[in-house]
Amino acid sequence: MEREPCASEAAPAAAALFAWGANSYGQLGLGHKEDVFLPQQLNDFCKPECIRRITGGGGHSAVVTDDGGLFVCGLNKDGQLGLGHTEDVLYFTACRSLLDCPIQQVACGWDFTIILTESGQVLSCGSNSFGQLGVPHGPRRCMVPQAIELLSEKVVCIAAGLRHALAATASGIVFQWGTGLASSGRRLCPGQTLPPFLTAKEPSRVTGLENSKATCVLAGSDHSASLTDAGELYVWGSNKHGQLASLAAFLPMPQKIEAHCFQNEKVTSVWSGWTHLVAQTETGKVFTWGRADYGQLGRKLESHEDWKLQNQDPSRPCSGPQKSMPSSLHCLTGAAEVSCGSEHNLAVIGGTCYSWGWNEHGMCGDGSEADIWAPKPVQALRSSLGLLVGCGAGHSLALCQLPALPELGWCPKVTGSSPDATEDAESREAMNKERNWKERQPETSTRSPSGRSRNEGLVTEAL
């Protein structure tokens, strides 16, 4: 008796995590250290459907699951993975020291990691060369996450920059630590006494925000930002590339970006790269501003060529901060997800994953090294539904729902075929099904890392 295939309902769609871009330290979790120029699917290290957050740092990555589990991989020279050693890790690995401590959020700095537990406690690990771990008189590095005891109030949001970190408490107070902004402040504000939170190696309250309640904090390479419950955005630190939407070269105290810059709408979400910012307002509009020379704003500035010329010619004097004001990027309106790397970005719009900006290591996922000046779909993921995105300095991660595969049912049909023939037919069908599945997978590339001067997102110029 031979059975004939007949149509039936499709099998439930599965989710999968994809990674691409810079990979010199194994931060993609693919088991090797070669850059990847097209999205490549990772082997499951947890149930992909349970992934809640994805993020990355200078050369490491972190994933948080629904049950509070933390998985990490990549560069670990300073113990930033929190695994108790300093060897690089090529696959996503559970942080076992935190198995009994559910994690809510992770913020990856250049060479350190800040961790927020579900109970509101903040932990840190990695390099402490600039006090970025928030532990007074602490060691130069820490290989196991340790509590930042001075943050006694429940914390609801954390952020990590190049050499500094921030936290917002449940009552809306913002704390900052790490001396990453201090050198720029002293250079650009000569004769001024910098506020303590710019020079502290332990959590110090950010003054100037007393009349607002912070709900979110952000960190760039040399700037900080805070979003309030009233939809107002405050910024401080270096404005070298216009990322603070101000004419001042450096803002030692928080300054509000006026509402008219966002068409008089409340800001609901904000993301920060090293030197640019992205904000979304209450109607779904998305604004970008700051440094633009790698396409990270998704649009070209009118003064781009002059800006580029000045930065390429060291004999020309510095003209001060760039005039960059928030400008709406219509193609991103309604974005469900946004993430910023050092100088590239990912977004999910209508279930499609988009990328733009710096692309030297293939982090935009189009198979090339050419910078992308306007958001465009990641073609290798077009058949999948984008769910979550996350960026490291020079690498990208995306959680996608795979296209549903047809499930073959079987309707009986009486023939004179032998049982062996039936088994052969089933075997052929299984092989065809497997081949069709493989054909659906995105292509991958394992090109060698670029030997250019930029180091996967490290800002090599004077900060």
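The values are calculated or read from the model by the stated rules, or taken from the named source; none is laboratory data. All of these numbers come straight from a predicted model, not from anything done at the bench. Cβ: placed from backbone, ideal geometry, glycine included. Neighbour counts: every protein chain shown.
Here LYS256 meets the list (1) in contact (Cβ under 8 Å) with a residue 60 or more places away in the chain; (2) under 18 Å from SER272 (Cβ atoms); (3) over 21 Å from the mean Cα position of the chain (by Cα) almost entirely, failing just condition (1). Would you check if there is a residue in region 374-387 being modelled with pLDDT under 95, among the aliphatic types (A, V, I, L, M) and under 22 Å from ALA16 (Cα atoms)? Looking through region 374-387, none of the residues is modelled with pLDDT under 95, among the aliphatic types (A, V, I, L, M) and under 22 Å from ALA16 (Cα atoms).
Taking strands (runs of 3 or more DSSP E) as the structural unit, those lying wholly within region 150-252 and holding at least 1 residues that are on the phi > 0 side of the Ramachandran plot correspond to 233-238.
I'd like to know if region 337-346 contains one or more residues that are farther than 24 Å from LYS33 by Cα and either in contact with a Lys or Arg (Cβ under 8 Å, 6 or more places away or on another chain) or in contact (Cβ under 8 Å) with a residue 24 or more places away in the chain (or both). The answer is yes, given that some residue of region 337-346 is farther than 24 Å from LYS33 by Cα and either in contact with a Lys or Arg (Cβ under 8 Å, 6 or more places away or on another chain) or in contact (Cβ under 8 Å) with a residue 24 or more places away in the chain (or both). Residue-level check: of (1) within 23 Å of TRP289 (Cα to Cα); (2) surrounded by fewer than 19 Cβ atoms within 10 Å (Cβ to Cβ), LYS154 misses just (1).
Give the residue that is nearest to ALA200 (Cα to Cα), with candidates limited to residues of region 95-130 that are among the small types (Gly, Ala, Ser) and more than 15 Å from the chain's Cα centre (by Cα).
First pass over region 95-130, keeping only residues among the small types (Gly, Ala, Ser): 97, 107, 109, 119-120, 124, 126-127, 129.
Cutting the leftovers down to more than 15 Å from the chain's Cα centre (by Cα) gives us 97, 119-120, 124, 126-127, 129.
Numbers: SER97: 28, SER119: 25, GLY120: 22, SER124: 16, GLY126: 18, SER127: 16, SER129: 13 Å.
Ranking the candidates gives SER129 first.
Restricting attention to region 255-283, the residues being buried (at least 23 other Cβ atoms within 10 Å of the Cβ) and under 20 Å from PHE175 (Cβ atoms) number 1. If you go through region 110-149 and keep only what is at positive phi and either assigned to a loop (DSSP other than H, G, I, E, B) or in contact with a helix residue (DSSP H, G or I) (Cβ under 9 Å, 6 or more places away or on another chain) (or both), you end up with GLY120, GLY131, GLY134, HIS137.
Look through ALA370, ALA336 and report the one residue that is within 22 Å of GLN41 (Cβ to Cβ) and surrounded by fewer than 24 Cβ atoms within 10 Å (Cβ to Cβ).
Values: ALA370 fails: within 22 Å of GLN41 (Cβ to Cβ).
None of the other options fit; the residue is ALA336.
Among the residues making up region 78-102, those that are of a type outside the set (A, V, I, L, M, F, W, C), in contact with a Gly (Cβ under 9 Å, 6 or more places away or on another chain) and part of a loop (DSSP other than H, G, I, E, B) are ASP78, GLY79, GLN80, GLY82, HIS85, THR86, ASP88, PRO102.
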